[in-house]
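The block underneath contains the structure these notes are about, expressed in structure tokens.
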Amino acid sequence: MFTSVMFNVEFLKFGIVGLSGVGIDFFVTWLFKEKIGINKYIANAAGFSLAVINNFLLNRYWTFEANNQAITNQFFKFLIIAVAGLAINSLVLFLILKFTKINFYITKLLVIGVVFFWNFYMNYLFTFN
């Protein structure tokens with residue numbers, strides 16, 4: 001029972017951290033795409049990348065309290081999972097935008113929801129275990 005309670009608390013904390021990452025991701029993507037005029041996929045990758053750094057640090061110290069491993073080792077694991085998440089994110093974003101007329105930012109929000117589950121379970125099992 002304790003394990004499932006901890007799992008639920010970690011899932012909730014991971015979600016809260018994820019929301020802060022979504023804020024960073026959307027702001028940076030919007031700034032680069034709308035104000036600076038950078039390609040939407042590059043802007044998307046930049047927003048995603050800055051959110052990854054934010055999320056790693058918050059998840060390491062707050063969500064999982066897993067600061068007993070070397071930070072470089074954990075970040076490398078987190079980064080591999082995040083890059084795979086970015087690939088999933090970009091592919092699904094591309095496919096939805098190519099075949100529908102859904103707004104870019106609504107699509108981006110939907111895609112973030114999909115990638116959230118990938119990120120949580122992979123990091124729960126491998127990075128912060």
Going through Ile16, Ile24 one at a time, which residue ends up being modelled with pLDDT of 95 or more and open to solvent by 70 Å² or more (accessible area, probe 1.4 Å)?
Ile16
Can you find a residue in segment 46-66 that is surrounded by 14 or more Cβ atoms within 10 Å (Cβ to Cβ), at pLDDT below 95 and outside any helix (DSSP H, G or I)?
yes
Name the pairs whose Cβ atoms lie under 7 Å apart, with the first residue in segment 78-103 and more than 15 Å from Asn54 (Cα to Cα), the second buried (at least 17 other Cβ atoms within 10 Å of the Cβ) and basic (Lys, Arg), and 6 or more positions between them or separate chains?
Leu93/Lys108
Of all residues in segment 93-129 being at pLDDT 90 or above and of a type in the set (D, E, K, R), the one that is farthest from Asn44 (Cα to Cα):
Lys101
Mind listing whichever residues of segment 86-108 are touching a helix residue (DSSP H, G or I) at 6+ places or on another chain (Cβ under 8 Å) and either open to solvent by 80 Å² or more (accessible area, probe 1.4 Å) or of a type in the set (Asp, Glu) (or both)?
Phe94
If I filter segment 104-116 for residues that are charged (D, E, K, R) and part of a helix (DSSP H, G or I), do I get at least one hit?
yes
Sole residue being out of contact with any strand residue (DSSP E or B) (no Cβ under 7 Å at 6 or more places or on another chain), open to solvent by 70 Å² or more (accessible area, probe 1.4 Å) and under 21 Å from Gly23 (Cα atoms), chosen from Val83, Val111, Val115:
Val83
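The values are calculated or read from the model by the stated rules, or taken from the named source; none is laboratory data. Not measured: the values here are computed from a predicted model. Cβ atoms come from the backbone with ideal geometry, glycine included; neighbour counts cover every protein chain shown. The accessibility values were calculated without ligands, DNA or RNA, using every heavy atom of the protein model including side chains. Shrake-Rupley method; radii C 1.70, N 1.55, O 1.52, S 1.80 Å.
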